[in-house]
Amino acid sequence: MPTLTLLQAVNSALMDEMAEDENVVVLGEDVGLNGGVFRATEGLQAKYGENRCFDTPLAESGIIGTAVGMAVYGLRPVPEIQFSDFIYPAFDQIVSEAAKMRYRSGGEFTCPMVIRTPSGGGIRGGHYHSQSPEAYFAHTPGLKVVMPATPYDAKGLLISAIRDDDPVLFFEPKRIYRSIKQDVPEGAYEVPIGKARVAREGTDCTVVTWGAMVETCEKAAKQAEEKGISMEIIDLRSLVPLDEEAFLESVRKTGRCVVASEAPRICGFASEVAAIVSEKAIESLEAPVLRVTGFDTPFPYSLEHVYMPDAKRVLAAVEHAVNF
Amino acid sequence: MSQEMLTVLETKKRGKPALPKGVDDDLVRRMYRLMLTTRLMDDRAMRLQRQGRIGFYVPSIGQEACAVGSAAVMTDEDWCFPSYREPGAALTLGADLQAIVHEWYGNAADNTKGRQMPVHYSFKAQRFVSISSPIGTQIVQGAGAAMAMKIRGKKAFSITYFGDGATSSNDFHTGLNFAAVYKSPCIFFCSNNQWAISCPLSQQTASESIAVKAQAYGMPGVRVDGNDVLAVYQATSEAAERARAGEGPTLIEGLTFRIGPHSSSDDPTRYRPSEQLEEWQAKDPIARLEAFMKKAGLWEDAFGEPLVEEINASIAEAVKVAEETAMPASATLFDDVYADLPAHLAEQRDRLLQQEKTAGAAEMDADAAFPL
Ligand SMILES: Cc1ncc(C[n+]2csc(CCOP(=O)(O)OP(=O)(O)O)c2C)c(N)n1
Ligand SMILES: [Mg+2]
């Protein structure tokens, strides 16, 4: 079995699904000859031709609007938005069009497409190459929102997303694009959308998280262990639909819950998880549900390391919950 | 009309070449110095980036004439909405070299407080409006400022700079349309360097030029040799006269070439033919101006090595000062989000400072580097 980075796993999923289904087309800025600025689409144009993998003019609304038209017609486009920070010109096409196509047409028209986009901080990219905008999309009925934390999940989830009959926002945690490697099967396989994963078993405190923060929480778990605290980590993998049972079951066992996310705090997806835990697991809670998030400031450049929730901040919240 | 290209520097006429209206010998020398400074700043910054001393950089090598020749037309009443490839315009408007270098480091003396990646300058005193990364957003803002000038009854203009890729953005179309409909005094300056990262111009537009697009919006479009600083000056100066006379906006296309990589994270050999690079290296805007100055009797020996050394020394000094300056303090993270600090941010700040006291400050990840 090949050992792949998350980035290579994304590429492998695209390679396999383009072979499997000729309706799958890849479009975006620099995705053709250059293989994407991160190289996620490397080799696709050489293998499948310019009809199936092509560069677009520089207009995100154009990329997504075109993909909506293609999807309605019957293709399965996989548009790339070079950085999720540049997705906003396409916001209207995503939330007003792709998300509502099925509902507003009474199910007559559908919009099966996967918007792949790197997100998250930790690469010294300042405001516009670092943000975590998943909550904007999770807030829009009709969209599925997925974010893998491992190479294996990246490939399996991307394949499921491409085969899904609804529009999927596929956020790729770019900070860990190349930093973790894992055995990833050759050939297509699915990791179901809407199923969370227990990334680490523990007994004292549940930490719910997703994307690159899973790695940060694993670091915190090791430090917690040295202090005699056993952390359980739930990697959501998919925000919409959300596997509530996975984290509720964990919280019922540990009695404590910390939710960790890079995004700003106000109306972040961490708040959604915290609300569900308080609504449905209050009888098990021995401490308030705590959020560890980015600050409610724009994403900074020089002070990125201060802004980003690190293992220390996760650990402090876990200790607070345990000692409550 | 749009396919004609305005060139001034090389002429077949004998004798001292004529200067465009509004340009005197001193301005030629000044523009030479500004272009050279821009080039030497780029050289130095790219080396600093390679040495890991600054995180990222965007060079504008080969495009200096577009930025300097156009900004040289501006007066204290005019405003500039730049992209990241116009440090030459910032210098021309009088931005301080030391301030530029502090920004590369994002340190405590940086006037933008280390908030953005290198090259995303902001110079209020020079009316050089804060640069953002999203492509094209400044174009329609430039049109808005021009409308504001009209509302105030000013005889001034705003100029907005953008690349060829940006002409595909919604904001390009909206900006030109709004400015034309309201006859706003806006100059749209496209530095057509023929590439948007790895995408050649042919993938951006099927029009025969950028300038020709002006027609459809109802404004003049001018195509100018973007490596000819005098031609750029002349085209911009004519557009400025129209703007000040209440005749509305102009689209200028400066045809140029990005000699370097898109940014310090890019490798153009992956996608760009080397013959094209060589062809354009031969049209270097600084070398062309030097040849013109020699022919026009404007060249002085001091413009050679001594000037290079002088400029390099001032850049080296600015780098030294920047490297001796501390990074911004953690608490500054929460400033400037709003005019006043709201309670929830004060709480977040206080908790952070408390935590830094008990658990120590967060550490910078030494491996983190901008990957493109
Ligand atoms: C809205 C948006 N989409 C994508 C990007 C990523 N990106 C940065 S520069 C660039 C190419 C810009 O090309 P052009 O407008 O020609 O300017 P140049 O870099 O050549 O000066 C792209 C695609 C971005 N910054 N903003
Ligand atoms: Mg360009």
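Residues being surrounded by fewer than 19 Cβ atoms within 10 Å (Cβ to Cβ) and touching a strand residue (DSSP E or B) at 6+ places or on another chain (Cβ under 9 Å): count how many of those fall in the range A:58-68.
1
Restricting attention to the range A:10-29, does a residue exist that is more than 16 Å from ligand 1 (Cβ to nearest atom), closer than 30 Å to A:Pro298 by Cβ and surrounded by 22 or more Cβ atoms within 10 Å (Cβ to Cβ)?
Yes: the range A:10-29 contains one or more residues that are more than 16 Å from ligand 1 (Cβ to nearest atom), closer than 30 Å to A:Pro298 by Cβ and surrounded by 22 or more Cβ atoms within 10 Å (Cβ to Cβ).
Looking only at the range B:291-315, count every residue that is surrounded by fewer than 16 Cβ atoms within 10 Å (Cβ to Cβ) and assigned to a loop (DSSP other than H, G, I, E, B) and tell me the total.
3
Just the residues that are in contact (Cβ under 8 Å) with a residue 60 or more places away in the chain, within 14 Å of chain B (Cβ to nearest Cβ) and either of a type in the set (D, E, K, R) or in contact with a strand residue (DSSP E or B) (Cβ under 8 Å, 6 or more places away or on another chain) (or both), please, taken from the range A:145-193.
A:Glu172, A:Pro173, A:Lys174, A:Tyr177, A:Arg178, A:Ser179, A:Ile180
Among what's in the range B:178-226 and is assigned to a loop (DSSP other than H, G, I, E, B) and of a type in the set (D, E, K, R), pick the residue that is farthest from ligand 1 (Cβ to nearest atom).
Here the residue is B:Lys183.
I need the full set of residues from the range A:254-301 which are out of contact with any helix residue (DSSP H, G or I) (no Cβ under 8 Å at 6 or more places or on another chain), more than 22 Å from B:Ala343 (Cβ to Cβ) and small (Gly, Ala, Ser), in order please.
A:Ser278
Open to solvent by 10 Å² or more (accessible area, probe 1.4 Å), closer than 30 Å to A:Arg200 by Cα and not in a loop (DSSP other than H, G, I, E, B): does that describe A:Tyr152?
When the stated conditions are applied, A:Tyr152 passes them.
Condition (residue is touching a helix residue (DSSP H, G or I) at 6+ places or on another chain (Cβ under 6 Å) and buried (at least 22 other Cβ atoms within 10 Å of the Cβ)) applied to the range A:101-109: is it met by at least one residue?
The answer is no; no qualifying residue exists.
Yes or no: the range B:173-182 includes at least one residue that is open to solvent by 10 Å² or more (accessible area, probe 1.4 Å), within 13 Å of chain A (Cβ to nearest Cβ), within 16 Å of ligand 2 (Cβ to nearest atom) and free of Cβ contacts under 8 Å to residues at least 60 places away in the same chain.
no
Give the residues of the range B:64-100 that are assigned to a helix (DSSP H, G or I) and small (Gly, Ala, Ser), sorted by residue number.
B:Ala65, B:Ala67, B:Gly69, B:Ser70, B:Ala71, B:Gly88, B:Ala89, B:Ala90, B:Ala99
Any idea which of (1) at pLDDT 95 or above; (2) at positive phi is the one B:Gly297 doesn't satisfy?
Of the numbered conditions (1) at pLDDT 95 or above; (2) at positive phi, the odd one out for B:Gly297 is (1).
Results for (1) in contact with a strand residue (DSSP E or B) (Cβ under 6 Å, 6 or more places away or on another chain); (2) more than 14 Å from every other protein chain (Cβ to nearest Cβ), shown as yes or no for each residue.
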| position | (1), (2) |
| --- | --- |
| A:Val214 | yes, yes |
| A:Ala221 | yes, yes |
| A:Gly268 | yes, no |
| A:Ala281 | no, yes |
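Going through the range B:159-172 one residue at a time, which ones are β-branched (Val, Ile, Thr) and within 16 Å of ligand 2 (Cβ to nearest atom)?
Correct list: B:Thr160, B:Thr167.
Report the residue count in the range B:265-275 for those that are under 23 Å from the mean Cα position of the chain (by Cα) and open to solvent by 40 Å² or more (accessible area, probe 1.4 Å).
Final tally of qualifying residues: 1.
Go through the residues of the range B:198-211 one by one and say whether even a single one is open to solvent by 20 Å² or more (accessible area, probe 1.4 Å) and aliphatic (A, V, I, L, M).
Taking every residue of the range B:198-211 in turn, at least one turns out to be open to solvent by 20 Å² or more (accessible area, probe 1.4 Å) and aliphatic (A, V, I, L, M).
Identify all residues within the range B:88-135 that are within 16 Å of ligand 1 (Cβ to nearest atom) and of a type in the set (Ser, Thr, Tyr); write none if there are none.
B:Tyr121, B:Ser130, B:Ser132, B:Ser133
What is the number of the single condition among (1) more than 11 Å from chain A (Cβ to nearest Cβ); (2) open to solvent by less than 40 Å² (accessible area, probe 1.4 Å) that B:Ser169 does not meet?
With (1) more than 11 Å from chain A (Cβ to nearest Cβ); (2) open to solvent by less than 40 Å² (accessible area, probe 1.4 Å) applied to B:Ser169, the lone miss is (1).
If A:Ala316 satisfies all but one of (1) open to solvent by 10 Å² or more (accessible area, probe 1.4 Å); (2) more than 14 Å from chain B (Cβ to nearest Cβ), what's the number of the condition it fails?
Against the list (1) open to solvent by 10 Å² or more (accessible area, probe 1.4 Å); (2) more than 14 Å from chain B (Cβ to nearest Cβ), A:Ala316 comes up short only on (2).
Let me spell it out: the conditions are (1) open to solvent by 50 Å² or more (accessible area, probe 1.4 Å); (2) outside any loop (DSSP other than H, G, I, E, B); (3) within 16 Å of ligand 2 (Cβ to nearest atom), and B:Ile135 meets all of them except one. Which number is the exception?
Unmet condition: (2).
Can you pull out the residues in the range A:298-312 that are in a loop (DSSP other than H, G, I, E, B) and open to solvent by 10 Å² or more (accessible area, probe 1.4 Å)?
Hits for the range A:298-312 are A:Pro298, A:Phe299, A:Leu303, A:Met308, A:Asp310.
Would you mind finding the one in B:Ile151, B:Ile135, B:Ile139 that is over 18 Å from the mean Cα position of the chain (by Cα) and β-branched (Val, Ile, Thr)?
Selected residue: B:Ile151, the only one of B:Ile151, B:Ile135, B:Ile139 that is over 18 Å from the mean Cα position of the chain (by Cα) and β-branched (Val, Ile, Thr).
Being assigned by TED's automatic domain parsing to the domain that holds B:Ala239, on the phi < 0 side of the Ramachandran plot and touching a helix residue (DSSP H, G or I) at 6+ places or on another chain (Cβ under 6 Å) is the requirement here; does B:Val129 meet it?
No.
Of everything in the range A:109-126 that's in contact with an Asp or Glu (Cβ under 7 Å, 6 or more places away or on another chain) and facing chain B (nearest Cβ under 10 Å), which residue is nearest to ligand 2 (Cβ to nearest atom)?
Among those that are in contact with an Asp or Glu (Cβ under 7 Å, 6 or more places away or on another chain) and facing chain B (nearest Cβ under 10 Å), it is A:Pro118.
Conditions tested, residue by residue: (1) closer than 17 Å to A:Ser119 by Cα; (2) facing chain B (nearest Cβ under 8 Å); (3) part of a helix (DSSP H, G or I).
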site	(1), (2), (3)
A:Asn34	no, yes, no
A:Val37	yes, yes, no
A:Glu42	no, no, no
A:Lys47	no, no, yes
A:Ile63	no, no, yes
A:Gly69	no, no, yes
A:Pro77	no, no, no
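If you go through the range B:246-264, how many residues are among the polar types (S, T, N, Q) and open to solvent by 20 Å² or more (accessible area, probe 1.4 Å)?
Qualifying residue count, the range B:246-264: 0.
Any idea which residue in the range B:5-64 is nearest to the chain's Cα centre (by Cα), counting only those that are within 14 Å of another protein chain (Cβ to nearest Cβ) and among the aromatic types (Phe, Trp, Tyr)?
Only one residue fits best here, namely B:Tyr57.
What are the residue pairs meeting all of these: first residue in the range A:295-307, first residue facing chain B (nearest Cβ under 7 Å), second residue open to solvent by 10 Å² or more (accessible area, probe 1.4 Å) and among the aromatic types (Phe, Trp, Tyr), Cβ atoms under 7 Å, and 6 or more apart or on different chains?
Cβ pairs passing all conditions: A:Tyr307/A:Phe295; A:Tyr307/A:Phe299.
Kindly establish whether B:Ala235 is over 23 Å from B:Thr256 (Cβ atoms), away from ligand 1 (no atom under 16 Å from the Cβ), away from chain A (no Cβ under 14 Å) and crowded, with 18+ Cβ neighbours inside 10 Å.
Considered against the rule, which asks whether it is over 23 Å from B:Thr256 (Cβ atoms), away from ligand 1 (no atom under 16 Å from the Cβ), away from chain A (no Cβ under 14 Å) and crowded, with 18+ Cβ neighbours inside 10 Å, B:Ala235 comes out as no.
The values are calculated or read from the model by the stated rules, or taken from the named source; none is laboratory data. Note that the coordinates shown come from a computational prediction; the quantities given were computed from them, not determined experimentally. Neighbour counts are summed over all protein chains in view; Cβ atoms, including those assigned to glycine, are modelled from backbone coordinates with ideal geometry. When the accessible area is computed, the model is the full protein with side chains, heavy atoms only, and any ligands, DNA or RNA have been set aside. Shrake-Rupley method; radii C 1.70, N 1.55, O 1.52, S 1.80 Å.
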